[in-house]
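The values are calculated or read from the model by the stated rules, or taken from the named source; none is laboratory data. These numbers come from a predicted model, not from an experiment. Note that each Cβ is placed from the backbone with ideal geometry, even for glycine, and that neighbours are counted across all protein chains shown. Quick note on the areas: whole protein, heavy atoms, side chains included, nothing else; ligands and nucleic acids left out. Shrake-Rupley method; radii C 1.70, N 1.55, O 1.52, S 1.80 Å.
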Amino acid sequence: MKETKHQLLRAVLLAGAAVLAFPLTAAAQDLKAAMIYVGPVGDAGWTYRHDVARQCIEEQGVETAYVETVPETPDVVNVQNDFLSQGYDMIFATAFGYQPFTQQVAQANPDKHFFGITPTIAPADNILNFYGKLWDGRYLTGLVAGAMTESNKIGFVAAQPIPTVIAGLNAFTLGARAVNPDVTVEVVWTLSWYDPAAEKQAATALVEGGADVIAQHQDTPSAVIGASEKGAWAIGSESDMTAFAPERVLTGTVWDWCPFYSKAVEMVRDGSFAPGEFYGGLDDGTVSLAPLNSAVPADVATQVKDAQAAIIAGELDYWAGPIVSNEGNEVVAAGATLGIADINGMNWLVEGVSGSLPN
Amino acid sequence: MQTRPLVSFRGVNKSFGALQANVDVSFDLRPGSILALLGENGAGKSTIMNVLAGLYVPDSGHIEVDGERLALGSPRASVAAGVGMVHQQFRLVESLSGFENISLALHGGRILQPRSADAELKALMEELGFNIDLSTPVHAMSLARRQQLEILRTIAAGARVLVLDEPTSVLSAVETHGLFAIMRRIVASGRSVILISHKLTEVLEVADEVVVMRGGRVVHKGHTAGADPDALSRHIVGDRSFTSDARPERETGDIVLRVNKLNVADHRGATVVHEADFAVRSGEVVAILGVTGNGQTELMEAIGGLRRPMSGLVEAPRHNKRRAFAYIPAQHLGTALAPGLVLRENAILGHQRRLGGRGWLQRHVLNARAGHVKGRFGVRIDEHEPVRRLSGGNLQRVVLGRELLDDPSLIVADYPTRGLDVASAAQIRSALVAAAQKGAGVLLSSEEISESLAIATRVLVMHGGEVVADLPAAEADRARVGRLMTRGRETE
Amino acid sequence: MIGIPSFRLEPRLEAGRPSGQALQVLSGAVLAFVLGALFLIVTGEDVLVAYGALLRGSFGSVNALSGTLNKAVPIGLCALGIAFAYRARLWNIGAEGQLYMGAFGAAGVGLHLPADTSAVIALPLALAAGMLAGAAWALVAALLKAYRGVNEILTTLMLNYIAILWVGYLVNGPWSDPLVFSFPYSAAVIPGAQIGKLFFGVHAGLVVLCLMAVLLIVIDRSSRIGYELRLAGDAPRAALYGGINQRKLVLIGLGGAGLLAGLAGAIEISGATLRLQSGLSPGYGFMAILVAWIAQGRPLAILLASVLYAALLNGGFALQVSGVPPAIGTILQAVLLLSVFAATTFGTYRLRRVPTGSLAT
């Protein structure tokens, strides 16, 4: 009787140990990369694009896993620690707000590699933060929007008033006014990265206010859907949102993190990892445009194509002064331009934007 | 002729933990008879009736109805066998009319309900002598009407065995006789009644047979015809003897309670006490007599601080603006006692700010008080048990024990003996008299004329919300008080 | 002949002993894991992998254990507060908002004291400011209840949104850290206002939580105010009879609840996030309602339940790490929680075998 009890106990212990130990021993020879997402992979936007990149490096032989909908709180520490306990070597923490928590874990695990979203506020020797020059793509979509609007009123549904969003909005406005100086861009802040209902409502309200093109910086295609239902043109963001309204989507900026993820894997494999910041752009394909709608005239398409080539070649710098803010202040003097640090601290809206930064 | 019994209890045992609530309970109920079930509080009457109703599963034993074994522990089976209970607390939906309540019982939650009484129901009412307007909503009915409705509903639902739990405790004398008339017609129709009661005189008046329980056992079975009340009393209380009541013999002293032109409204806002104006002196036992519902309870509540008077003044002993005298309200559980709190905690209710300790309750003080409260009237309960488990009589003893603890100079007691068995009631009357003897002023309300007259030094009669008479005990005889209670005046 | 025995639920007449109730919760947990396993099998997941991950993510390592204990602190403190108010049958649905206001109060102190202020001064000040802010926020609902009879369930619920938006406004505007590029973050609070680590990654908030649980036990057992709260909760009319000022009780009950939730917010600021931010709490104040209920308001049971709840949350992430789809993980968490909840509720009943009446002997 007593013996069977012991046997049973031993069996249970063994089973438990096997469960705990199994992931540690498996596939230790090759790289394992973990992704932490701020939203659900089904958002069709920011998180979805990172998940596509995850699948991309998985095809390159990297074992991957992800955890979605992790808030920007100390939970990130728990999730990262759990990944590390499971033998993961690389952690992609794909939200800006994860940085302070990533820093804690990174400092405690100097032999692992961490990748976060710029701008860097919490550095460590094993953290490389990345982002793309999204604003370049936004400038190009601005060219399309400026050419297509008839009411000269363009709507922009924006998530949070943070520099990358502000810079994208400003670049978009500069692009639109480059082809159509009469354009005003009206901005609505949803103050959320993931709130499909509010995003759609904002787009609808903008159309009702007279806008006939709706652009966005949101993680979901809700604004695109809202705009198309009201008969306006829509410009997507984050991923190719054409499928959500094939007739009405003009184009959009598309993130492709596969180039960077592949590069990161390579760096870790060959030992060339260096901490700091990395910005992808139109040149390496991190930022690109969704296919243009057939309704876009050929001359506009050509203009967009030329501008893209010029930006990549460094011949076109739309941030060159003079630039005046929508409050009338000269924010970039004649002869000056903006570097990444300036863009990362951007807290003004360019002339032509109707609206203000919520405070 | 020996007829087959309608219901037979055969050796029923039921215990709750260590408490043996029913021990080998066996007796028969014959068809067409009224059987009185007598016993003190906690004698096991309610337990055996709850077994009959299917609410409790007995540990052993069984019950036969018409010679068939009753499926135990199933309220549905009991109802199907024809058992109907009328509890002290009525189970009526107050917002519905009388007929709707009956219909609800007969047809359950059926969506399409008949709208008025059918011929069958009317015939039943005729046969049994019910006189209720079924279209009246229940909340507008008097307690006596509600009771009739409850009985009618139970019989209409098919009851052949009607259990009435202390039905007369809420009724006036006139209403009681009305109820007895209905009971006699019910048994004449072939149904039977089990009457649970404390009141020997009533039992001897209406019942055919009597079963006395004590300590969970049946100690006496017999016919009421020719029964000796004193012998029954001895069966009920056992060998214990209790002292007879006597008035306090003491010079009256200072005024301890002054009620000055007091007007009080009930919960609907209707004035139910008009210009009450009297005083109680130390050493007095003042009885307020009146037919139930003539403002006594509201008056007592206004004095005790449970009800804010509309106008007028109550001068009584206070400590930091809080009541500092004994007040025994008519309702114990939920008012004078917190049902979910244990005895130790209930033993300081109302006194918690007079015990010292600067915001802390000292364990030794609590224990001492709990000991006194239990000891005063002999309540047996674990101090760490919630008091909701206590029987009605024990609840009353706990409240009295607590309220009399600090030798209060004033005792206000609303129906202090209601629902108590003979011995307990005598014990409590003696305690009140003893307190007055030691110098307290006592104000008590009661519906029992003779009990009150036995101990009161003065009698106030209330009628229609007014104090219609203020009589010294010597001038208060039963007949005179009875006339005042029912008519508000002495002349014909 | 033997009939099929039938069973029915009967309310328990005797009060359950603590050991007996612990047994019920334990059997509830076992039931929970059995149901959870069935669910996993039906959805085609590996039961051992899933439960292994749940265990690993919550208690499986020093890091996991630290994360779980730290997470239990805000949940436990809010639950103690909710239980305190419920002594008087006051429903505090506003712990979440009170937590945010507590975070606001603590951050206000932690951001504005001179950077070199000693911890001896800064930490008590920050915690006290958090408690006061939380209590003040709860008092808004308490005053409305005491003097205007406004239902506290609705007011405390609605005040949550105001508090969360208020913190959102602060971190987007006046208190936003210029160094974090106007992300919805404040700067970090000064080092003196940060609560130290106890051991490994566990911060000293755990000690505060335990102290508060003990304090609640003492209040329950020996304080007059604890007595009056329970009395008013059990029988409001008995409180009136006992000469208790019911308005004062409402203020103390809800104010105390707010104080504890505010303390939870202050500890989150000084121990976990170190800065004020939007999304500070993933709903600790609401989880605490469930925890307080499962623990039936008992302080020690609240400690245990909040640790287990935190374990379930952290284990949920580990489920994903081990490849269990997030939706399955979330449903599994819900199944486990509901089973324990049901088991504790049924604990007030007992199953009784009913002898069949028609049985011939």
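Given a Förster distance of 56 angstrom, what is the FRET efficiency for B:Glu120 paired with B:Arg363, based on the Cβ-Cβ distance and rounded to 0.05?
0.30
Roughly how much of A:Asp219 is accessible, in Å² to the nearest 10, using a 1.4 Å probe?
10 Å²
Roughly how tilted is helix B:173-188, in degrees to the nearest 10 and between 0 and 90, from the longest Cα axis of chain B?
Roughly 10 degrees between the two axes.
In what order, largest first, do C:Cys78, C:Cys210, A:Cys258 sit by accessible area if the probe radius is 1.4 Å?
Heavy-atom accessible area, descending, gives C:Cys210, A:Cys258, C:Cys78.
Ratio of chain A's C-alpha Rg to 2.2 N^0.38 Å, to two decimals?
This ratio for chain A stands at 1.12.
Which lysines, if any, have their Cα less than 21 Å from the Cα of C:Lys248, not counting same-chain residues under 8 positions apart?
Answer for C:Lys248, where 21 Å is the Cα cut-off: B:Lys321, C:Lys145, listed by chain and number.
Of the heavy-atom accessible surface of segment B:7-237 (probe 1.4 angstrom), what whole percent is carbon and sulfur?
51 percent
Using a cut-off of under 17 Å, list every residue of segment C:134-170 whose amide N is near the label point 7 Å from the Cα of A:Ser356 along the Cα-to-beta-carbon line.
C:169-170
Going out from 0 in 5 Å bins, what whole percent of all Cα-Cα distances in segment B:281-336 drops into each bin?
4, 14, 24, 27, 22, 7, 1, 0
More than 23 angstrom separation, counting every C-alpha pair in segment B:49-151; what % is that?
Percent of Cα pairs beyond 23 Å in segment B:49-151: 39.
Which GluC sites (Glu not before Pro) in segment A:217-291 sit in a loop by DSSP (not H, G, I, E or B) and have at most 13 other Cβ atoms within 10 Å of their own Cβ?
A:Glu247
Please express the shape of segment B:7-237 as an equivalent ellipsoid: the semi-axes are the square roots of 5 times the eigenvalues of the C-alpha gyration tensor, given largest first in whole angstrom.
30, 21, 16
Compute the long axis of helix C:205-222 from its Cα atoms, compare it with the longest principal axis of the Cα atoms of chain C, and write down the angle in degrees, 0 to 90, nearest 10.
Rounded to the nearest ten degrees, it is 60.
Could you tell me what fraction of 2.2 N^0.38 Å the Cα radius of gyration of segment A:83-133 comes to, as a two-decimal ratio?
My calculation over the Cα atoms of segment A:83-133 gives 1.04.
To the nearest Å, what is the center-to-center distance of segment C:258-320 and segment B:49-102, using C-alpha atoms only?
Value for the Cα centre distance between the two parts: 48 Å.
Among the aspartates and glutamates, which have Cα under 13 Å from the Cα of C:Lys71 when same-chain residues fewer than 8 positions away are ignored?
A:Asp75, C:Glu268
How far apart, in nanometres, would the label points at C:Lys248 and A:Asn152 be if each is projected 7 angstrom from Cα along the Cα-to-Cβ direction?
7.2 nm
Quick one: ranking A:Val105, B:Val422 by accessible area, 1.4 Å probe, largest first, what do you get?
Of A:Val105, B:Val422, the descending order of accessible area is B:Val422, A:Val105.
Please list, ordered by chain and number, the residues whose modelled amide H lies under 5 Å from the amide H of B:Arg307; skip anything fewer than 5 residues away on the same chain.
Under 5 Å from the amide H of B:Arg307: B:Ala302.
Identify the trypsin sites (Lys or Arg not before Pro) of segment B:380-426 meeting these criteria: DSSP loop state and at most 14 other C-beta atoms within 10 Å of the C-beta.
Hits after loop and neighbour filter: B:Arg380.
Can you give the relative contact order of chain B as a percent, counting alpha carbon pairs under 8 Å and 6+ residues apart?
15 percent
Cα atoms only: what Rg and Dmax, in Å, come out for segment B:169-220?
That works out to 12.3, 34 Å for Rg and Dmax.
Please list, or write none, the lysines whose alpha carbon is within less than 17 Å of the alpha carbon of B:Lys14, excluding same-chain residues fewer than 8 places away.
Answer for B:Lys14, where 17 Å is the Cα cut-off: B:Lys45, listed by chain and number.
If only Cα atoms are counted, what is the Rg of segment C:74-298, and what is its Dmax, in Å?
17.5, 61
Counting only protein chains, not ligands or nucleic acids, how are A:Ile225, B:Ile151 ordered by accessible area (probe 1.4 Å), most first?
Largest to smallest exposure gives the sequence A:Ile225, B:Ile151.
Among the listed pairs B:Lys199/B:Lys374; A:Lys263/A:Lys305; B:Lys374/B:Lys438, give every one whose C-alpha distance is greater than 24 Å.
Going by Cα-Cα distance, B:Lys199/B:Lys374; A:Lys263/A:Lys305 fall outside the 24 Å limit.
Could you give the radius of gyration (one decimal) and Dmax (whole number) of the Cα atoms in segment C:230-271, in Å?
Cα radius of gyration and Dmax of segment C:230-271 are 14.6, 46 Å respectively.
Give the average over all directions of the projected area of the C-alpha convex hull of segment A:279-359, one decimal, in nm².
7.4 nm²
Going from the alpha-carbon gyration tensor of chain B, what semi-axes, largest first and in whole Å, does one get by taking the root of 5 times each eigenvalue?
Ellipsoid half-lengths, sorted descending, are 39, 28, 23 Å.
If the rule is a partner Cβ under 4.7 Å, which cysteines in the protein assembly as shown fail it?
So far as the 4.7 Å Cβ criterion goes, C:Cys78, C:Cys210 stand without a partner in the protein assembly as shown.
For the C and B pair, go ahead and give the buried accessible area with a 1.4 Å probe, both sides summed, in Å² to 100.
By this definition, chains C and B bury close to 3100 Å².
Please label the shape of segment B:316-428 as rounded, prolate or oblate, based on the square roots a ≥ b ≥ c of the eigenvalues of the alpha-carbon gyration tensor (a/c under 1.5 means rounded; beyond that, a/b larger than b/c means prolate, else oblate).
It is oblate, given that a/c is not under 1.5 and a/b is not larger than b/c.
Please give, to one decimal in nm, the separation of the simple spin-label points placed at C:His112 and B:Ala279, each 7 Å out from Cα toward the Cβ.
The two pseudo-label positions are separated by 6.3 nm.
Compute the long axis of helix A:163-179 from its Cα atoms, compare it with the longest principal axis of the Cα atoms of chain A, and write down the angle in degrees, 0 to 90, nearest 10.
30 degrees
Compute and list, largest first, the equivalent-ellipsoid semi-axes of segment B:247-381 from the alpha carbon gyration tensor, each √(5λ) rounded to a whole angstrom.
Calculated on Cα positions only, the semi-axes equal 29, 19, 16 Å.
So, R0 is 56 Å and r is the distance between the beta-carbons of B:Glu205 and C:Asn151; what FRET efficiency does that work out to, to 0.05?
Result of the calculation: an efficiency of 0.60.
Please compute the Kirkwood hydrodynamic radius of the protein assembly as shown from all pairs of different C-alpha atoms, in Å with one decimal.
Taking the inverse mean of 1/r over all distinct Cα pairs, the protein assembly as shown comes out at 36.4 Å.
How big is the Cα convex hull of segment B:108-211 in projection, averaged over all directions, in nm²?
Computing the convex hull of the Cα atoms and averaging its projections yields 7.4 nm².
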